[in-house]
Amino acid sequence: MRNKFKYLTITVSLLFVFCSGFGQEYFGIGINGFASQGYLRSTENNYLGKSKDGSFEFNEVGINFQKNLTENLRVGLQLFARDLGSQGNDEVIIDWALLDYKWRSFLNVRVGKIKLPIGLYNEERDIDLLRTSILLPQSVYNEPQREVLSALEGMSLYGSFDMKKFGSIDYNILVGSISTNPEAPFIKDPYLSNVDSAASLATSGLSAVPGFVDVNSLTGNSKVDVNHLIVLQLVYNTPLEGFKIGGSYYETDLEFSGDFALVTNFTNPADPSGTSIISSISKISFFNEITLRSGVVSMEYIWKDLTLSAEAMLQAWWVENIRRDNEVAGFYLSASYQFNDKFAFGAYYSVLYEDLGNKDGSNLVALGRNDFEGFQKDFAITGRYDVNEYLVIKAEVHIINGTADVSYVDNLVNPLKEDWVLFALKTTISF
Amino acid sequence: MMNIKLKNLYIVCILMLGCFISATSQEVILIAHKDIGFDTIKSKDVKYIFLGKIRKLKGVKINPVTIKSGDVHDRFLDLYIKRNSRQYSKFWKKILFTGKGKPPKSFKTEAELIKYVASTPGAIGYISKLDKAEGVIQLKAKD
């Protein structure tokens with residue numbers, strides 16, 4: 001798969017070198033692409049990879065092909081690969097691939113693999129050159145969920161209603177399903193956390209039993225099946241030029257299943273030396289039905305070279321088997337200003353709560369976790385420099401309090417720290 | 001004496017401003033293929049056409065075309081689209097890279113654009129001078 005990524009990178013680079021302008025068209029097929037490379041380093045806590053030591057595992061490459069088959073029918077496909085710590089690993093995927101039939105401005109249809117319009121920026125999150133910041137606010141655009149909530153396979157109805165002097169309304173309705181990668185941290189992290197919890201529980205339960213030595217875990221398989229996904233988005237373009245408000249909602253049923261084994265070791269009572277061990281293996285399977293409902297409300301105002309935006313997100317999880325619910329919530333405020341053709345500056349403040357009913361994380365202490373794992377407050381500032389039409393360089397600093405979005409797996413060795421700073425650099429070429 | 005000089009300067013400034021406004025308002029001329037079937041167009045429709053929201057107007061399939069860069073392009077975007085060239089380019093890159101469509105065909109020179117509009121039914125574009133625009137008609141924009 002690494003080789004495929006290499007070929008994709010070489011193809012994009014060669015096309016970039018030979019392109020004289022933005023995009024190229026051969027036999028009516030438009031070809032466009034982008035490639036970016038970033039660097040992450042944090043003072044504490046590994047975030048989105050092994051950032052404490054500095055991580056270059058932060059890149060994106062994409063190339064797309066589009067052709068108008070008839071006046072109303074268009075076909076297109078984008079190949080994409082990315083790496084962000086344990087996410088993506090430069091595996092080449094079909095980012096989107098669709099047939100788009102435009103009938104009227106108020107009613108059109110797409111079928112295939114379609115990007116998800118969640119919030120204002122989810123569809124464009126792979127394309128670094130479209131925004132000032134390097135990382136989108138994680139309270140609404142969570143990176144570990146990105147592999148799952150990027151695109152669906154199904155169909156979409158969309159269009160726009162002109163309301164004359166009252167502005168216009170854009171709508172988008174999508175129905176379909178999602179193919180998930182069991183190695184994605186969104187799936188793998190909770191699985192490994194469950195395995196560790198089961199091993200700890202067994203250890204504490206057996207510790208008083210004479211001859212008990214320890215419990216080891218053997219990982220097995222895990223997967224998430226998305227039965228269906230429905231996404232609705234409405235955006236109201238107000239009569240005030242550049243000001244829009246919107247709302248998106250999605251609902252999905254997931255099946256989270258897997259298995260693992262626990263190896264329990266006792267000393268052999270028949271062996272007086274105590275050196276021989278008797279082991280028993282217990283294979284454990286689990287199956288959870290999960291309902292996820294989420295909504296995002298959004299606002300964006302573009303006035304000349306100033307862009308202001310704010311969004312708030314609520315994500316409600318319901319786990320059927322244990323009849324337990326949880327509400328994750330977050331919001332951000334963002335401002336970006338383009339000083340001239342070359343330089344832009346941006347800043348945002350983003351807040352994420354892992355459990356809306358326990359914003360200070362105090363309930364986590366009883367579970368042996370830190371209270372600051374219940375929230376993450378992130379103040380970020382970014383400088384963007386457009387070298388020319390094709391090349392962008394960015395630098396960003398995040399001052400962070402809390403670790404709600406920090407990966408359990410990436411921080412097994414070192415204890416989490418509440419206050420930390422993340423530095424990010426990124427450069428992108430596009431054609 | 002000073003008052004007279006100031007008054008003269010004021011008049012000169014007003015005249016220059018008047019010339020400037022007159023010049024800039026004439027900088028953008030909307031043109032279309034000669035068989036397009038109408039010669040006036042609402043400013044709002046121009047905006048929707050060049051943002052890809054409208055594909056047909058008065059029963060005619062519209063094919064918008066742009067100039068890659070330059071004063072006439074900037075002026076057109078400012079007058080009709082209410083965005084600058086960077087914002088307009090970003091708007092279409094978003095459409096392009098998210099699978100939602102293709103941007104209008106663009107040309108380096110006005111001569112190339114005129115030639116395309118003249119030979120393509122439904123084509124609409126903009127230029128700075130009508131002098132050498134053969135085979136096209138001028139569209140008058142109204143609010």
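From other protein chains only, count the Cβ atoms within 10 Å of every residue's Cβ in A:129-138, then give the mean. The partial results should precede the final answer.
On the way: counts 4, 6, 2, 0, 0, 0, 0, 0, 0, 0.
So the per-residue partner count for this stretch is 1.
Count, for each residue of B:99-111, the Cβ atoms from other chains sitting within 10 Å of its Cβ, then give me the mean as a whole number.
Values: counts 18, 12, 6, 9, 4, 0, 1, 3, 0, 1, 0, 0, 0.
Partner Cβ neighbours, averaged per residue: 4.
Assigning unit charges at the beta carbon (Lys, Arg +1; Asp, Glu -1) and nothing else, what dipole magnitude in debye, to the nearest 20, does the range A:2-430 show about its Cα centre?
900
Residue by residue, what Karplus-based ³J(HN,Hα) values in Hz, rounded to whole numbers, does the range B:37-44 have, using 6.51, -1.76 and 1.60 with θ = phi - 60° and x for Gly and Pro?
Couplings: x, 8, 10, 10, 8, 6, 4, 5 Hz.
Any chance you could list the semi-axes, whole Å, largest first, of the equivalent ellipsoid that the Cα gyration tensor gives for the protein assembly as shown, using √(5λ)?
Output for the protein assembly as shown: semi-axes of 54, 26, 22 Å.
Let me know the Rg and Dmax you get for the range B:28-142 when you use only its Cα atoms, in Å.
Gyration radius and largest Cα-Cα distance of the range B:28-142: 13.1, 40 Å.
Given the Cα-Cα distance of A:Phe212 and A:Glu25 and 0.36 nm per residue of separation, how much length would full extension add, in nm?
60.3 nm
How far, in degrees from 0 to 90, does helix A:185-206 lean away from the longest principal axis of the Cα atoms of chain A, to the nearest 10?
Rounded to the nearest ten degrees, it is 10.
What does the helix-only formula give at 222 nm for chain A: each DSSP H stretch with n ≥ 4 adding -39500 (n - 2.57), the total divided by the residues, and the result rounded to the nearest 500 deg cm²/dmol?
Value at 222 nm, helices only: -3000 deg cm²/dmol.
Arrange B:Lys82, A:Lys188, B:Lys140 by Cβ neighbour counts within 10 Å, fewest through most, would you? Don't skip to the end; give the middle numbers.
Numbers: B:Lys82 14, A:Lys188 20, B:Lys140 11.
Exposure proxy ranking, most exposed first: B:Lys140, B:Lys82, A:Lys188.
Compute the distance from the alpha-carbon center of the range B:44-74 to that of the range A:300-319, in whole Å.
29
Output the peptides A:110-117, A:193-200, B:29-36, A:167-174 sorted from most to least packed, where packing is the average of other Cβ atoms within 10 Å over each peptide's residues.
The packing order, highest mean first, is A:110-117, B:29-36, A:167-174, A:193-200.
Using a 10 Å cut-off around each Cβ of peptide A:38-48, what is the average number of partner chain Cβ atoms that fall inside? Intermediate values should be presented prior to the final figure.
Numbers: counts 0, 0, 0, 0, 0, 0, 0, 0, 0, 0, 0.
For this peptide, the per-residue mean of nearby foreign Cβ atoms is 0.
Could you give the angle, 0 to 90 degrees to the nearest 10, between helix A:2-18's Cα long axis and the longest principal axis of the Cα atoms of chain A?
Between the helix axis and the principal axis of chain A, the angle is about 20 degrees.
How many angstrom separate the Cα center of the range A:358-417 from the Cα center of the range A:199-265?
Here the answer is 20 Å between Cα centres.
Taken together, the values in this text are just the output of simple stated rules run on the coordinates, not laboratory data. Because the structure is predicted, anything quoted here is derived from the model rather than measured. Backbone-built Cβ (ideal geometry, glycine too); neighbour counts: all protein chains shown.
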